[in-house]
Amino acid sequence: MAVPTRTPTDSTRVPAAVAGRRTKLFELPETRWAATAVMLFAAGVATQLAGGPSWSWWALYLACYAAGGWEPAVAGLRALWERTLDVDLLMVAAALGAAAIGQVADGALLIVIFATSGALEAFASARTEDSVRGLLDLAPDTATRITANDEEETVPVTDLEIGDTVVVRPGERIAADATVIAGGSEVDQATITGEPLPVDRSAGDEVFAGTLNGTGALWIRVDRLAQDSVVARIAALVEQASRTKARTQLFIEKIEQRYSVAMVVATLAIFVVPLLFGESLQRALLRAMTFMIVASPCAVVLATMPPLLAAVATAGRHGVLVKSAVVMERLGTTDLLAFDKTGTLTRGVPELVEIRCTTDSFDADAVLRLAAAVERPSEHPLAASIVRAARERGLDVPVVGDFAAEPGRGVSARVGDHRVEVGSPAVLVAAPAPGADTETAAAAAAALQARGCTAVVVTCDHRPIGVLALADEMRPEAAAAVMASRQLTGTNPVLLTGDNRVAAERLATRVGITDIWAELLPADKVAAVRQLRAGGAAVTVVGDGVNDAPALAAAHAGIAMGGAGSDLTLRTADAVVVRDDLTAIPAVLALARRARRIVIANLAIAASFIAVLVVWDLVGTLPLPLGVAGHEGSTIIVGLNGLRLLRGAAWRRAMGAGPAT
C-alpha cells in the first residue's frame, strides 16, 4: 500500500466517508406532519387577518388540528389504554375545547407547539442512532491475516479470532485491539485516548481498533474479538447512556400526570354535579367548558417555552447551537463543568514552543532550518509543525537529498555535505561515545518531556546540535473561560483527559484547574462523570473527540467544540460551540440561568391567573368572554416576558456574568 502524503493532525474528527448516512430532517414522518401543521396555521392566520370568509380560515385551522394533532391524540389514547393520562391527550382536548367555544386559532397554536416539539425530539433521537452506527465504521471491515503457512489472506474483521496474527501496512486503520509482535510505527490514537500526537509503537505495545497506523508496518496479535474492542465499547456506552440518561423534563412535564387527572376530574365534576342538582344542560356545559379553558395549561406551556426558545435563538446567533429547550433548561441547572484537554482547552495541533541548542556551533535558527529541511518530505504530524515554525520565522529551508524514514526513530537526509537526522531521543543511541553534547541533549530532552512536551532531537553528522520542544497549544481564552465558569457555578471545574498526567498537570496549572483526572479511556471518563454526578453535582462535560462522546452522553449536559469536534461528538452533544470560543460556554450557562428565572416568574404569573379565574368560575359566575380574555391575557403576558431574551442585550449581559470573560 502506498504511504499517505500527510497523516491528519486532527484525527479526532471522524471522516465524512465513515460517518455513516445521516438522517435528514424531512425524512421523518413527525417532521413532515409538524411542517404541514405550521404551514396550515400560518395560512389560517394570514387568511383571517386578510378578512377572508370565516369558513376558509376555520377550515385551515381544523386542517392544522388534523395534521399536527393526530399523533399526540393517538399517543394520548394509547397511554389512556395503559391507564395513564398524559399531557398529549390533555393538550388535544384543550385545543378541541377552544375550538368548541370559537377560539380555534388558540387551539391551533397549541397543536403547532406540541407537534414541533415532538418532531425535534424524534429528529434528535434519529441522529443519535446515526452517530452510533457511524462510530462502528471507524474500524475497517477487513483485515490481512497471516496464515499458518505464512501466507496473507484478507478476511472480514468479524472472523478474526483471539491469537490471530494480522499485518497492518502504512496508512491503514488497525482492525482489532491487539499487541504488536513485530515491526514499528507511529500510531494516531486520538480517537481512543485523545492524545494530540501519534505515539511510537513497537513489539510489546498495545494498539486499538480504529486507530490510524503511520509510516511503518506492524504485525499484531489479536487480543479481543471485534464486538469486544474499545471502539465497539464506545459505541455501546454512547447508546446505553443516551437510552438510560434521565431526561430533564420541563416543569409542565414533571407535573403533567397529576395535573391532567385533576383537570379532567374537575371538569367532569363541574359538568355532572350541577346537573344532579337540577342545573340545565346548556348552563352546566358552558360552566364546565369555561373551567376547562381557564384551567388549561396553555399559559403554563407558553410560560415555559418562549423564554427557553428565545434563549436558544439568542445563543445560536452568537455561535452556540443549543439543540432544544429542554437542553437549555438543563444547562441552567449546571453546577459543575468538566473540560476535556486536547481540542477543547487546547487547539489539538502541535506547535513548536522551544529550541534548546546543545553546541555553540549552531544557533536556534540554524537548528530549526536544518530540522525543517529534513522534515519537509515527511508525512509525520510533527514534521508539519516544524516546517510551519521555520516558515513563520522566515527561514530559507534548503532542498535535501537521500531522504530516509525509520519508523519509531525519525527521519534523516543529506543537507549539503552533512547528514542530518531528526527524531525521538532514541537517535542519541546512535551517537558516538557519550560526550558533552550528547549528555546535554539527553538532559534537555528529559527536562522537556518532564514538562509534558514532545522532545525532538536534531543531530548533524551524528552529533546532537539541538532539541526541539513541541506541545499542544493552549487556546488563548482557556484560562478566562475556566475562571468565568468557576465564578458562575461556584465550584472548581474538573479536567478529564486521556493524555498523560504530566501533560495534563502542565495545562491545568496554566488554566487554573486543580482537580485533574488523567490517562482515562472512554469508559473511564464515563465512570468519572457518574462518580461526580453521584455526589449530587449536575455535571456538564465539554469535549471534542470520539473518546469524549460517551462522557457527553452520560453527563447532565454535554457541550461539543464545533470546529474540532468529531461527527459522533457533535451529534451526541446537547449543545455545540460553533466558533470554538470557550468564553461562550460560561455565557450560555449564564443565559440559561436567566431563562430559568424568567420561567419561574412566568409560571407564577400563569398560576395566579389560573387560580383567580378558576375560583371565580367555581364560586361565582364567570362570563365566558371574560374567562377567555383572562386566559389569553395571561398567555400574552408570559409570552412577551419570555421574548425579552431575544434582545442582543441578553447575550451581552450573559457575557458579563463572569468578569474574567
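Annotations for the structure displayed:
- Residue count, the stretch 26-49 (criterion: in contact with a helix residue (DSSP H, G or I) (Cβ under 6 Å, 6 or more places away or on another chain), at pLDDT below 85 and open to solvent by less than 70 Å² (accessible area, probe 1.4 Å)): 4
- Meets criteria (open to solvent by 40 Å² or more (accessible area, probe 1.4 Å), part of a loop (DSSP other than H, G, I, E, B), touching a strand residue (DSSP E or B) at 6+ places or on another chain (Cβ under 6 Å) and modelled with pLDDT of 85 or more) for Ile181: no
- Looking only at the stretch 452-469, residues that are without any contact (Cβ under 8 Å) to a residue 40 or more places away in the chain and under 34 Å from the mean Cα position of the chain (by Cα) come to 1 in all.
- Condition check for Ala366: among the aliphatic types (A, V, I, L, M) and either in contact with a Lys or Arg (Cβ under 9 Å, 6 or more places away or on another chain) or farther than 26 Å from Ser485 by Cβ (or both): yes
- Any hit, the stretch 279-302, residues being touching a Pro at 6+ places or on another chain (Cβ under 8 Å), open to solvent by less than 10 Å² (accessible area, probe 1.4 Å), modelled with pLDDT of 75 or more and not charged (D, E, K, R): yes
- Within the stretch 123-176, the set of residues being among the small types (Gly, Ala, Ser), surrounded by 18 or more Cβ atoms within 10 Å (Cβ to Cβ) and at pLDDT 75 or above comprises Ala143, Ala175, Ala176.
- Selection over the stretch 399-426 of residues that are among the aliphatic types (A, V, I, L, M), open to solvent by 30 Å² or more (accessible area, probe 1.4 Å) and either over 22 Å from Ala444 (Cβ atoms) or part of a loop (DSSP other than H, G, I, E, B) (or both) gives a count of 4.
- Considering residues of the stretch 214-229 that are under 31 Å from the mean Cα position of the chain (by Cα) and open to solvent by less than 10 Å² (accessible area, probe 1.4 Å) only, the residue nearest to Glu152 (Cα to Cα): Gly214
- The residues in the stretch 52-81 that are closer than 18 Å to Thr36 by Cβ and either open to solvent by less than 70 Å² (accessible area, probe 1.4 Å) or in contact with a Pro (Cβ under 7 Å, 6 or more places away or on another chain) (or both) can be counted, and the count is 17.
- Criterion applied to Gly163, Gly171 was being outside any strand (DSSP E or B), within 30 Å of the chain's Cα centre (by Cα) and more than 12 Å from Ala209 (Cα to Cα), and the one residue passing it is Gly171.
- Odd one out for Ile513 among (1) of a type outside the set (D, E, K, R); (2) part of a helix (DSSP H, G or I); (3) in contact with a strand residue (DSSP E or B) (Cβ under 9 Å, 6 or more places away or on another chain): (2)
- Restricted to the stretch 534-568, and to residues there that are at pLDDT below 80, of a type outside the set (A, V, I, L, M, F, W, C) and within 21 Å of His318 (Cβ to Cβ), the residue that is most open to solvent (accessible area, probe 1.4 Å) is Gly563.
- Qualifying residue in the stretch 510-523 (condition: under 26 Å from Arg593 (Cβ atoms) and polar (S, T, N, Q)): yes
- Restricting the search to strands (runs of 3 or more DSSP E) fully inside the stretch 431-510 and requiring at least 3 residues that are touching a His at 6+ places or on another chain (Cβ under 6 Å) gives an empty result.
Residue-wise test of (1) on the phi < 0 side of the Ramachandran plot; (2) surrounded by fewer than 21 Cβ atoms within 10 Å (Cβ to Cβ); (3) touching a Pro at 6+ places or on another chain (Cβ under 8 Å); (4) modelled with pLDDT of 85 or more.
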| site | (1), (2), (3), (4) |
| --- | --- |
| Ala313 | yes, yes, no, no |
| Gly316 | yes, yes, no, no |
| Val320 | yes, no, no, no |
| Ala325 | yes, no, no, no |
| Arg330 | yes, no, no, yes |
| Asp340 | yes, no, no, yes |
| Val349 | yes, yes, yes, no |
| Arg356 | yes, yes, no, yes |
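- Test for Ala203: is it part of a helix (DSSP H, G or I) and modelled with pLDDT of 80 or more: no
The values are calculated or read from the model by the stated rules, or taken from the named source; none is laboratory data. Everything quoted here is computed from the prediction, not taken from an experiment. Heads up, the Cβs are rebuilt from the backbone with ideal geometry, glycines too, and the neighbour counts pull from every protein chain shown. Each accessible area value is taken on the protein alone, full model and side chains, heavy atoms only, with ligands, DNA and RNA left out. Shrake-Rupley method; radii C 1.70, N 1.55, O 1.52, S 1.80 Å.
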